[in-house]
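Structure first, commentary second.
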Amino acid sequence: MTHIATTRMNRRSFLKAGAAVTGGLVVSLTLPLGTRPADAGTAAADAGRFGPNAFIRIDHQGIATLVMPMVEMGQGVYQGQAMLIAEELEIGLDQVRLEHAPADPAYTNPLLGGQVTGGSTTIRAMWQPLRQAGAVARTLLVQAAAARWGVDAAGCTAREGRVHDAAGGRSFGYGELVDDAARLPVPDAAAVALKDPADFRLIGQPLHRLDTPDKVNGRARFGIDARLPGMKIAAIAIAPVFGGRPAGLDEAAAKAVRGVHQVVTTDEAVAVIAEHWWAAHKGLEAAAIRWDGGEHGSVGMADLRADLDAASRRPGAVARDEGGVDAALAGAAQRLEAVYELPFLAHAALEPMNCTVHIHDGACDIWVGTQIPGIAQAVAAGILGIPAEKVVIHNHLIGGGFGRRLEADGIAHAVKIARQVSGPVKVVWSREEDIRHDMYRPYYYDRLQAGLDAEGRPVAWTHRVSGSSIMARFAPAAVVNGVDPDGVEGAAEPPYAFPAIRVEFQRVEPRHVPTSWWRGVGPTHNVFVVESFIDELAAAAGADPVAYRRSLLDANPRARAVLDRAAAASGWGGALPAGHGRGVALQYAFGSYLAMVAEVEVAADGGVRVHRLVAAVDCGRAVNPDQIRAQMEGGAIFGLTAALHGEITITDGRVAQGNFDTYLPMRIDEVPVVETHLIDSSEAPGGIGETATAAVSPAVTNAIFAATGKRLRRLPIDPAALKRA
């Protein structure tokens with residue numbers, strides 16, 4: 001029994017349901033780094049001071065319901081989280097039922113400081129707390145059984161959902177013990193012994209995902225699947241120039257479309273409310289909306305790039321400055337300079353933006369897939385002017401997040417529309433609306449300089465990152481002395497030992513274009529820049545790219561190990577046909593080490609074909625090796641899509657791209673072979689969801705340099721720049 005239930009209650013209701021309605025053991029763990037004992041059978045309600053939390057409910061049938069603190073959007077966190085709890089609880093995954101967590105600070109991600117799923121943090125953040133949650137519940141059940149038998153609990157053991165006595169002749173199923181266990185005092189989570197890794201039965205095994213059956217048989221419910229009695233459907237059109245507003249429309253024409261009920265206007269959008277989406281969409285077309293673009297109606301890419309270029313010539317906030325860079329540069333035998341540029345990128349998730357809202361009786365219910373339930377709740381409450389507890393978030397599976405559902409703009413639009421509609425309404429964005437009103441990965445403009453000694457070894461390295469600061473908007477407290485930590489992640493702490501290094505951040509907001517997270521924002525741009533420029537240094541030194549990197553890793557054995565493994569597995573140094581090349585990229589990001597080798601072919605017309613990607617990864621202890629490989633493959637394809645095709649451009653203040661014909665996803669016949677090699681490790685787990693996304697673009701462009709001698713300093717890859725005469 002492993003299906004995923006949509007949460008339709010808040011946390012207190014959940015706990016009441018567990019303890020009073022269904023009976024059984026409810027363990028609500030408050031785990032502020034082990035300093036506070038947990039509460040059993042009651043809600044732990046000290047919002048604001050909680051660390052990571054886990055909720056376990058075991059009913060009289062012995063079924064364990066696990067509430068997943070982080071949301072599932074294809075990355076496999078429901079599998080990983082469930083494995084951590086089940087391992088220590090001593091149950092099989094076939095005894096697990098999963099539920100989405102409600103909006104509640106009890107589910108705060110300790111690495112991100114809020115109820116947030118993102119940044120490849122789930123396993124890193126919950127590795128210890130979720131295992132503690134399972135261990136505490138198992139301890140209570142063992143104690144309950146020992147008390148019934150009148151024996152020492154130390155001699156009893158738990159396995160496969162049962163507690164056995166020392167002789168193994170007697171046993172109780174968990175379901176038989178839950179009432180007794182719920183009455184016991186809860187031990188301090190930090191004092192409960194966790195299993196020796198040598199005894200792991202689940203962790204480390206390549207297990208199939210719990211959420212796959214429901215997704216295959218159609219029982220899985222995403223936000224767009226929400227259905228309510230009397231629900232209407234809304235199609236939305238937002239001002240095409242960011243910051244613009246509606247200036248007029250033909251409401252009568254819209255209402256003349258069969259099935260259309262109502263036309264709604266907000267400060268920046270128009271929505272047509274209908275019986276079904278097609279009627280709403282046709283009504284929107286018939287409305288012939290006129291827009292006022294405001295002051296940004298003439299902005300184009302040349303303006304935005306000029307802003308960045310000018311800013312990049314000025315000193316920025318210092319993220320790192322060591323070793324006397326200026327003196328080292330002055331004494332260098334050779335100096336190199338380069339400017340790299342990366343475009344705006346959209347998320348383009350398969351499930352388009354949608355949100356269902358029902359405002360009633362001074363309260364608000366929202367059905368949506370979101371990475372930020374708490375923020376979503378607060379945003380809706382703020383718009384409606386009601387207490388946050390009057391807003392219930394019914395979270396769902398997400399059909400591709402990539403950071404897009406870290407924003408609540410879609411929920412805000414839906415709430416503004418719903419408060420003008422009687423009854424529940426589902427707002428669905430068209431693909432064009434989704435692409436043209438995304439919150440984009442920032443356009444980055446990076447200026448670098450390096451000095452080499454007479455042997456070609458780097459003596460100085462400078463890197464000035466210029467671009468938008470997402471942290472300044474999303475989490476201002478994280479920006480210290482003007483440095484956005486995400487903006488310089490992957491740049492301030494490269495894996496290499498440079499005698500002198502200076503990294504700066506120059507904040508440049510792109511006038512009116514909204515920016516946000518995009519599947520590993522900082523590393524996805526910084527790793528490309530650092531690994532491309534280090535390749536330039538190797539070329540200037542006349543050195544092999546792998547050997548050059550390896551010479552700078554004496555103090556970083558984990559980085560050197562992945563580099564060696566990837567090089568060996570790829571056949572680095574072996575012969576290739578004319579027009580083919582291999583390129584390498586190395587990174588430390590999201591708590592994991594990764595090296596990737598790309599093998600590419602460049603045709604005479606400049607067309608690029610990526611044949612093979614070979615990755616070696618050290619992400620600490622592997623919770624589920626099968627899931628890690630899946631993440632590597634998905635992340636590499638996502639990053640390669642961006643490297644080959646991804647670019648959002650601004651013309652006359654608005655996004656030029658619309659659907660998948662102009663914002664191209666990688667086609668299936670373009671997908672290369674992806675090989676993943678895992679390094680055995682007993683280190684704490686690192687993140688894996690975004691690592692391959694960051695590494696793939698420099699590996700590919702370095703391979704293009706090896707094949708053609710042409711260095712690409714801008715993405716996406718432009719075949720015209722590679723065309724042979």
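A few comments on the model shown:
- Where a residue in the range 103-125 is under 10 Å from PRO373 (Cβ atoms) and its partner, wherever it lies, is open to solvent by 20 Å² or more (accessible area, probe 1.4 Å) and not in a loop (DSSP other than H, G, I, E, B), with Cβ under 6 Å and at least six apart: ALA103/GLY374; ALA103/GLN377; GLN115/GLY374
- Any hit, the range 310-317, residues being touching a residue at least 40 places away in the same chain (Cβ under 8 Å), within 34 Å of the chain's Cα centre (by Cα) and part of a strand (DSSP E or B): yes
- Residues of the range 627-669 that are closer than 24 Å to ALA598 by Cβ, part of a loop (DSSP other than H, G, I, E, B) and touching a residue at least 60 places away in the same chain (Cβ under 8 Å): GLY646, GLU647, TYR663, PRO665.
- Residue in the range 231-243 that is closer than 30 Å to GLU295 by Cβ, in contact (Cβ under 8 Å) with a residue 40 or more places away in the chain and among the aromatic types (Phe, Trp, Tyr) present: yes
- Qualifying residue in the range 222-241 (condition: modelled with pLDDT of 95 or more, assigned to a strand (DSSP E or B), among the aromatic types (Phe, Trp, Tyr) and within 29 Å of LEU350 (Cβ to Cβ)): yes
- Contacts under 9 angstrom Cβ, first residue in the range 166-187 being over 13 Å from ALA145 (Cα atoms), partner among the acidic types (Asp, Glu), 6 or more apart: VAL186/ASP39
- Reported count of residues in the range 231-285, each being among the basic types (Lys, Arg), out of contact with any helix residue (DSSP H, G or I) (no Cβ under 8 Å at 6 or more places or on another chain) and more than 17 Å from ARG431 (Cα to Cα), is 1.
- Filtering the range 149-162 to residues that are of a type outside the set (Gly, Ala, Ser) and in contact with a strand residue (DSSP E or B) (Cβ under 7 Å, 6 or more places away or on another chain) leaves CYS156, THR157, ARG162.
- Remark: pairs (first residue in the range 339-358, farther than 11 Å from GLY399 by Cβ and outside any strand (DSSP E or B); second residue β-branched (Val, Ile, Thr) and open to solvent by less than 10 Å² (accessible area, probe 1.4 Å); Cβ separation under 6 Å; 6+ apart in sequence or on different chains) = ALA346/ILE435; ALA346/ILE648.
- Selection count, the range 632-648, where residues are among the β-branched types (Val, Ile, Thr) and open to solvent by 10 Å² or more (accessible area, probe 1.4 Å): 2
- Residue count, the range 361-379 (criterion: over 21 Å from THR266 (Cα atoms) and assigned to a helix (DSSP H, G or I)): 3
- The set of residues from the range 74-91 being open to solvent by 10 Å² or more (accessible area, probe 1.4 Å) and out of contact with any helix residue (DSSP H, G or I) (no Cβ under 7 Å at 6 or more places or on another chain) comprises just one member, GLY74.
- Search result, residues across the range 318-327 that are open to solvent by 20 Å² or more (accessible area, probe 1.4 Å) and in contact with a Phe, Trp or Tyr (Cβ under 9 Å, 6 or more places away or on another chain): VAL318, ALA319, GLU322, GLY323
- Here ALA460 qualifies as open to solvent by less than 10 Å² (accessible area, probe 1.4 Å), modelled with pLDDT of 95 or more and touching a Gly at 6+ places or on another chain (Cβ under 6 Å).
- Those strands (runs of 3 or more DSSP E) of the range 380-453 in which at least 2 residues are at pLDDT 95 or above, within 27 Å of PRO343 (Cβ to Cβ) and of a type in the set (D, E, K, R), considering only elements entirely within it, cover 444-452.
- With respect to the conditions (1) of a type in the set (S, T, N, Q); (2) in a loop (DSSP other than H, G, I, E, B); (3) more than 28 Å from TRP367 (Cβ to Cβ), THR117 lacks only one, and its number is (3).
- Restricting attention to the range 88-110, the residues that are among the aliphatic types (A, V, I, L, M), closer than 25 Å to ARG209 by Cβ and part of a helix (DSSP H, G or I) add up to 2.
- Taking each residue of the range 434-459 that is among the acidic types (Asp, Glu) and looking for partners that are modelled with pLDDT under 95 with beta-carbon atoms closer than 6 Å, six or more apart or interchain, yields ASP434/PRO352.
- Residue match in the range 619-626 (condition: in a strand (DSSP E or B) and either in contact with a Pro (Cβ under 8 Å, 6 or more places away or on another chain) or buried (at least 24 other Cβ atoms within 10 Å of the Cβ) (or both)): no
Listed here are the residues, each with its yes/no results for (1) aliphatic (A, V, I, L, M); (2) modelled with pLDDT of 95 or more; (3) in contact with a Gly (Cβ under 8 Å, 6 or more places away or on another chain); (4) open to solvent by 10 Å² or more (accessible area, probe 1.4 Å).
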site: PRO557; (1), (2), (3), (4): no, yes, no, yes
site: ALA568; (1), (2), (3), (4): yes, yes, no, yes
site: GLY573; (1), (2), (3), (4): no, yes, no, yes
site: PRO577; (1), (2), (3), (4): no, yes, no, yes
site: SER592; (1), (2), (3), (4): no, yes, yes, no
site: GLY607; (1), (2), (3), (4): no, yes, no, yes
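So that you can scan it fast, the table gives a plain yes or no per residue for (1) touching a strand residue (DSSP E or B) at 6+ places or on another chain (Cβ under 9 Å); (2) open to solvent by 60 Å² or more (accessible area, probe 1.4 Å); (3) among the aliphatic types (A, V, I, L, M); (4) within 30 Å of ARG621 (Cβ to Cβ):
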{"residue": "LEU184", "(1), (2), (3), (4)": "yes, no, yes, no"}
{"residue": "LEU194", "(1), (2), (3), (4)": "no, no, yes, yes"}
{"residue": "PHE200", "(1), (2), (3), (4)": "no, no, no, yes"}
{"residue": "ILE203", "(1), (2), (3), (4)": "no, no, yes, yes"}
{"residue": "LEU228", "(1), (2), (3), (4)": "yes, no, yes, no"}
{"residue": "ILE233", "(1), (2), (3), (4)": "yes, no, yes, no"}
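- The requirement of being at pLDDT 95 or above, surrounded by fewer than 24 Cβ atoms within 10 Å (Cβ to Cβ), aromatic (Phe, Trp, Tyr) and over 14 Å from VAL584 (Cβ atoms) is satisfied by PHE660.
- Residue tally, condition surrounded by 21 or more Cβ atoms within 10 Å (Cβ to Cβ) and in a loop (DSSP other than H, G, I, E, B), over the range 480-491: 7
- Subset tally (residues that are of a type in the set (A, V, I, L, M, F, W, C), crowded, with 20+ Cβ neighbours inside 10 Å and under 21 Å from the mean Cα position of the chain (by Cα)) for the range 344-378: 12
- Selection status of ASN395, polar (S, T, N, Q) and closer than 23 Å to THR122 by Cβ: yes
- Qualifying residue in the range 526-534 (condition: open to solvent by 10 Å² or more (accessible area, probe 1.4 Å) and not small (Gly, Ala, Ser)): no
- Output for the range 427-455, where each listed residue is in contact with a strand residue (DSSP E or B) (Cβ under 7 Å, 6 or more places away or on another chain) and open to solvent by 30 Å² or more (accessible area, probe 1.4 Å): ARG436, ARG447, GLN449, ASP453
The values are calculated or read from the model by the stated rules, or taken from the named source; none is laboratory data. Note that the structure is a prediction, hence the values are computed from the model and not measured. A quick note on method: Cβ atoms are made from the backbone with ideal geometry, for glycine too, and the neighbour counts reach across all protein chains shown. In case anyone asks, the SASA skips ligands and DNA or RNA and just uses the protein heavy atoms, side chains included. Shrake-Rupley method; radii C 1.70, N 1.55, O 1.52, S 1.80 Å.
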